[in-house]
Structure formats: structure tokens, C-alpha cells
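Written out below as C-alpha cells is the structure these notes cover.
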């Protein structure tokens, strides 16, 4: 059996970092972890190839080589997914599909031969068994959660790591919270499930032995869902593993704001090599936090929480949302003020949307306010429901937020606010690799000579060289990120005109 695993193209988005990747000669931010893991679940004697359309073109001869084309995708990739499906039909090659997009919207893909939904650990074995017996069904689904202690390590030999800026692995699935706009609990459950320490370290070993050195994104939707296990088992083991190998990796992950409540956990994360956490702040409005059931953020000094996490040596990236029913016209200025004062440099602000499977989707459907399916792009100025605030006012206010926080002056002010108080771990601060040198050289030309932000760029560069040389590479990186974010929003605004 010949299996071609295809990862669809991700459009230009906030998190795609396409403009930033050019500075380091990389083609994609991360490899397709889901497909690499599914590949490890297939019988060893199957021939397997992988085409990541974000790295290389999908050719007809690739499709014709295969007995089956396997697709996994997120909602934001639906346009590329449709192109792949049409090409496979035209060439007479059968398709198997799974992942978040197909699990959320299976009714949209009746023309796919086999839909293997939910978590692959639970549905792929049944599909393979039926396929071998010649009785494969159209759809495979389950209400059971997988035991990820049995999940195999990804097949890294299916990709060329040099094309990617960062590798990614997974430690846990599920989230203990119930935010009503989030579909994580419907896809992966409310009770966090975790891998064992030996299993987790074995996956790191596989990356280390494959020659990877650099950043790793732990794709867990809430890495700290089980704090006790992290503190008692995982992080102490990881600290020892990293020390023995002279700290070959740095880690990025996602967490909830209650990370700020646990000094021991933050200290362990930093010692283990964690440098960045993405946190869903969402809004500063208490009524809106209640509305969306983001109770873990309620009754907090959110700026103090962010600054505490930063003080421990973790850069905070933040998610923000406008468009809640309780939002009024004051929310736009309040969010700008919060973002600037907090020093959250990477601040993803998006309009509220309601994914299928969420409590928000169910409520809006009952109220007759749904309009369409979501685009999957958090920052493309689209909404899939009728908001309480007048739509034109909401979109205009949203546009004012992003135009303000990503203007060169405000953005670089925020970078300085963050860097002035940031103290990274000593073992990561001094490292400068080839990619960072290349990025700096290109940033000098693109940002320091021809860019509209050049006066702010040079102010930051000179400041960091004079006062904070240990974080000079980060200063350059954040300058490049700002360039990407401005380009993304300007391109979107031009399309909407």
C-alpha cells in the first residue's frame, strides 16, 4: 500500500509568519505534526511519503504514485483542501481525511472516500483493519478519548527539517476550562490527558538524534492543565535531560493565566528551557469574561499577572477578542491601553467567531444569529454571526486597535516596555546561531534602511547593544515579527477595500 500524506497550504495569516520566515530562509513555521504522528500509526510495511504544500508543490505525479492520499487540516486550510480533493478526483485516486476541519464539518466532505475523524489513535486502527479486509466504511468516528500514553512518536524522517523554523511535539490534550467560544474541549475533552515522562523525553530524543537544535513548540492547548504532574515528574525530568545535553532546545507553549499563581511552576518551566507562553487574555471587561465563561481570568489584575510571568523569564504572547455581546464602544481604547502597558508584544486581536461544537455556536444558533461557517483566520476581519454592537462600528473599532498597536511607534514602545524588565535564563541568553545572524543582516536592509519603521528600529538596536546585549537576538526577532504583523493587517485591509 502506497500512502501519500498531504498537508494543505496555510494562507497568509497572523500566525503563518510568512513575511518573517523570509528573513531566515525558512519555508514554514512548523511541520505537520498530526500527519507525522498518523504516519507512525500506519503499518510499517506501507510505503509513505509526505508533501507539505507550505514547503513544496504537490505534483500530479505525487498523487498518481499513491493508492491513497491522506489529508489532515485545520479550518483555515479549507480552500487548499478543496483544491486537493478536486485534483485527486480528477486523477482517480482515493482520499482519506481527518483532523480538526473534517471532524468539525464532516457534512461538507461527503465526496471524500473515507473520513477518519476524532483522534487518530481511536479511529485509524479500525479503518486500517477494514481496509485490509476490503470493507472500509465512509466514516469512522467515536466518542471515546484516546489514551495518548500509547501514541507513537512522529516519523520525522518524512520531512526535511531545514525548511522549518521550529519543530513541534505534544505532551497533553484537553483543557480543564470551558470557555464558550473555544472548541478544544469538544475536540479533545475537558480532562487533560498526558504522556508519560519517559515517552515525552523519548520524543525529544528522536528530535535530538535527527539533528534538530533550536525552538520546539509544545502544541498543547493548555500545557499547565495538570500542574501537579508537571511539577512532580515532567519538568524535573526535562531539566535533567536538557542539562545533560547542554540545552539544545528552547520551548514555546500555551497556558492559562493561572500560571501566574504558581511561582514554583514558572521557575521550573524556565529552568527547563521554556521561553514563551501564549495566554488567552481575551478581554479586560469583567462582564464579557462572565459572558464567555472565562472565569479563570475574572477578578484578577491581569496586567500584574502578565508582568509577573514576564519577570520570571517568560515572554507572554496574548490573545484578545472584541465582539462580545457585553462589549461597548469603550472596549477598543481599553484594549489598546492594556496591550501597551502590559508589554505583550505579540498581541493577536481578533473579532469573535463561533466554531462548530462550541457553546457559543449553540447559543447563537438558538438565537438565529449565525451567518456562515468560520474562516479559521482569527484576524481577517470576518465574523460568522450577527453581533450586538452595530457591525460597522465594531469592525471600525477593531481596525483602529490593530492599526494602533502595530503602528511602528506603538509597537516598538511595547517591545521596549517588555525588554526593559525581561530577564531570560542564562543558558539561552548568549546563543547566536547562523539564522539569527542572517536575520539581523536582512533586517538592517529591510527595516533599518528602506522600512518606514527605521528610526524606531535603530533606536531599539542601539539600546539593546548598549544596555542589554544578552537579549539583542530577541530584539531583532521582535522587530521582524512587527514587520510581519503590519504586512498581514495591511494586506487584509487592502483586500477588504
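The values are calculated or read from the model by the stated rules, or taken from the named source; none is laboratory data. On a predicted model such as this, the values are computed, not experimentally measured, just so you know. Don't worry about glycine lacking a Cβ; one is built from the backbone with ideal geometry, like all the others, and counts go over all protein chains shown.
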1 or more residues at pLDDT 95 or above: qualifying helices (runs of 4 or more DSSP H) within the stretch 421-494: 434-446, 454-467
Leading residue by the ranking (surrounded by the fewest Cβ atoms within 10 Å (Cβ to Cβ)) among those in the stretch 132-148 that are touching a strand residue (DSSP E or B) at 6+ places or on another chain (Cβ under 8 Å) and outside any loop (DSSP other than H, G, I, E, B): 139
Single residue of the stretch 101-131 satisfying the filter (assigned to a loop (DSSP other than H, G, I, E, B) and within 20 Å of the chain's Cα centre (by Cα)) that is surrounded by the fewest Cβ atoms within 10 Å (Cβ to Cβ): 118
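Every residue, every condition in (1) more than 21 Å from residue 316 (Cβ to Cβ); (2) touching a strand residue (DSSP E or B) at 6+ places or on another chain (Cβ under 7 Å); (3) outside the structural domain of residue 321 (by TED's automatic domain parsing), yes or no:
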residue	(1), (2), (3)
185	yes, no, no
188	yes, yes, no
235	no, no, no
243	yes, no, no
248	yes, no, no
252	no, yes, no
261	no, no, no
269	no, no, no
277	no, yes, no
Qualifying residue in the stretch 407-420 (condition: in a loop (DSSP other than H, G, I, E, B), surrounded by 14 or more Cβ atoms within 10 Å (Cβ to Cβ) and modelled with pLDDT of 95 or more): yes
Residues of the stretch 163-190 that turn out to be without any contact (Cβ under 8 Å) to a residue 40 or more places away in the chain and in a helix (DSSP H, G or I), as a count: 2
